[in-house]
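Undergrad: Supplied in structure tokens, the structure appears directly below.
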Amino acid sequence: MKVFVTGGAGYIGSVFVETLCDAGHEVTVFDNLSEGHRGAVDPRAKFVLADLNDRNAVLAAVRDSGAKAVVHFAANALVGESMTNPSKYFRNNVAGGLNLADAAVAAGVRKFIFSSTCATYGPPDRVPMDESLPQRPINPYGESKLMFESVLRWYRELHGLEVVIFRYFNAAGASEQFGEHHRIETHLIPNVLKVALGQASHVSIFGTDYPTPDGTCIRDYIHIADLAQAHMLALQRGKSGVFNLGNGEGFSVREVIATCERISGAKISVVEQPRRPGDPPRLVASATKAHQELGWKPRFPSLEDIVRTAWSWHQKHPGGYA
Ligand code: UDP
């Protein structure tokens, strides 16, 4: 199948493109490299360097790709940044996405798969969180993703686009070739591993007074190869749907740091800091629907395995893609 992938030079997109190419699909990657890296694009894919806000470029690229499916990873995805620069999030994630949805409809694309997030729920009334929970985001990042979910629901309704929405919990881990490298790293696991590599003196813990057993935030970490697999299953299935993707188990910031210490064998110095604005205390998925309806079965459900693959990639690529 011909598949059009935005954000294919980014962290999650790079591993999905690799998975697509391994399965023999014909892939066009569309990325502005604002967050992604040219070296993260699988050489078997065609690469288009352009911005989603350039409507004509998006229309032309989708049309020229001949794609039957669009998979939309490209986004700004930092909770903290969204609290200080909301405009960037609404412009790129909503207005940019709209150009892509229009291009998909104009080119007769059949299927649209969208990377949404558990941040669309806000602090949940119950965990584990299934798809029926109300969506009440507490940061512009989550709000921008929710707004684009709404756009897609209407496009499904009115244009007959098949829409699959995945709400990711915390993407982590690496494949042999592709891993996590942000120019400014804000994510927990890579920041801890930087300390293990001797590239940083300590890791900050943002908030130690949350209503959780050890006072730090709890998240559900999910391997990017398992995320990629869920997208493959959605591509093969001719149906719309909304699915949470996580492992159903939560780990606190302190537990993640302890796991990284065990895997790397390094002592990780920590500095306790105030809470980071926009962080909900506890986000843990119920992915029962993805298991039942997609037949999705994660291959790397344990935090140990997730951290081990990340650690192996960071050791082999101490400078990331630089
Ligand atoms: N966090 C932390 N120190 C860091 C990075 C993150 O304490 O250097 C915390 C963050 O406040 C959150 C959790 O770790 O509670 C996961 O954050 P991350 O940015 O990795 O993912 P998010 O849940 O924001 O998507």
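Undergrad: Tally time: how many residues in segment 161-195 are surrounded by fewer than 21 Cβ atoms within 10 Å (Cβ to Cβ) and farther than 29 Å from A287 by Cβ?
TA: Residues flagged as surrounded by fewer than 21 Cβ atoms within 10 Å (Cβ to Cβ) and farther than 29 Å from A287 by Cβ within segment 161-195 amount to 3.
Undergrad: Out of the residues in segment 182-194 that are in contact with a strand residue (DSSP E or B) (Cβ under 6 Å, 6 or more places away or on another chain) and within 7 Å of the ligand (Cβ to nearest atom), which is farthest from A322 (Cα to Cα)?
TA: In this case the residue turns out to be I189.
Undergrad: Kindly establish whether A74 is touching a residue at least 24 places away in the same chain (Cβ under 8 Å), crowded, with 24+ Cβ neighbours inside 10 Å and out of contact with any helix residue (DSSP H, G or I) (no Cβ under 8 Å at 6 or more places or on another chain).
TA: no
Undergrad: Can you pull out the residues in segment 195-218 that are closer than 28 Å to H314 by Cα, assigned to a loop (DSSP other than H, G, I, E, B), near the ligand (Cβ under 10 Å from one of its atoms) and touching a residue at least 12 places away in the same chain (Cβ under 8 Å)?
TA: H202, G207, T208, T216, C217
Undergrad: Right, another one. Might you let me know whether segment 184-191 holds any residue that is among the hydrophobic types (A, V, I, L, M, F, W, C), at pLDDT 95 or above, closer than 20 Å to T259 by Cβ and in a loop (DSSP other than H, G, I, E, B)?
TA: No.
Undergrad: To continue, here is another question. What's the number of the condition V79 fails, among (1) over 19 Å from the mean Cα position of the chain (by Cα); (2) under 20 Å from A171 (Cβ atoms); (3) aliphatic (A, V, I, L, M)?
TA: Only one criterion is unmet by V79, namely (1).
Undergrad: Right, next: Report yes if G142 is in a loop (DSSP other than H, G, I, E, B) and in contact (Cβ under 8 Å) with a residue 24 or more places away in the chain, otherwise no.
TA: no
Undergrad: Which residue out of I189, I224 is under 14 Å from V253 (Cβ atoms) and either in contact (Cβ under 8 Å) with a residue 40 or more places away in the chain or touching a His at 6+ places or on another chain (Cβ under 8 Å) (or both)?
TA: On the way: I224 fails: under 14 Å from V253 (Cβ atoms).
Result: I189 is the single residue among I189, I224 that is under 14 Å from V253 (Cβ atoms) and either in contact (Cβ under 8 Å) with a residue 40 or more places away in the chain or touching a His at 6+ places or on another chain (Cβ under 8 Å) (or both).
Undergrad: Restricting the search to segment 48-107, which residues are among the charged types (D, E, K, R) and within 16 Å of the ligand (Cβ to nearest atom)?
TA: Within segment 48-107, the subset among the charged types (D, E, K, R) is 51, 54-55, 63-64, 68, 81, 88, 91, 102.
Across segment 48-107, the qualifying residue is only E81.
Undergrad: In segment 250-269, is there at least one residue being away from the ligand (no atom under 16 Å from the Cβ) and under 26 Å from P123 (Cβ atoms)?
TA: Checked against the condition, which is being away from the ligand (no atom under 16 Å from the Cβ) and under 26 Å from P123 (Cβ atoms), segment 250-269 yields no hits at all.
Undergrad: Which condition does C118 not pass, out of (1) farther than 22 Å from L233 by Cα; (2) buried (at least 18 other Cβ atoms within 10 Å of the Cβ), if it passes all the others?
TA: (1)
Undergrad: Among the residues of segment 146-175, count how many are touching a helix residue (DSSP H, G or I) at 6+ places or on another chain (Cβ under 8 Å) and either over 19 Å from I222 (Cα atoms) or free of Cβ contacts under 8 Å to residues at least 40 places away in the same chain (or both).
TA: So the answer is 11.
The values are calculated or read from the model by the stated rules, or taken from the named source; none is laboratory data. Nothing here was measured: the structure is a model prediction, and the numbers come from that model. Positions of Cβ are backbone-derived with ideal geometry, glycine not excepted, and every protein chain shown enters the neighbour counts.
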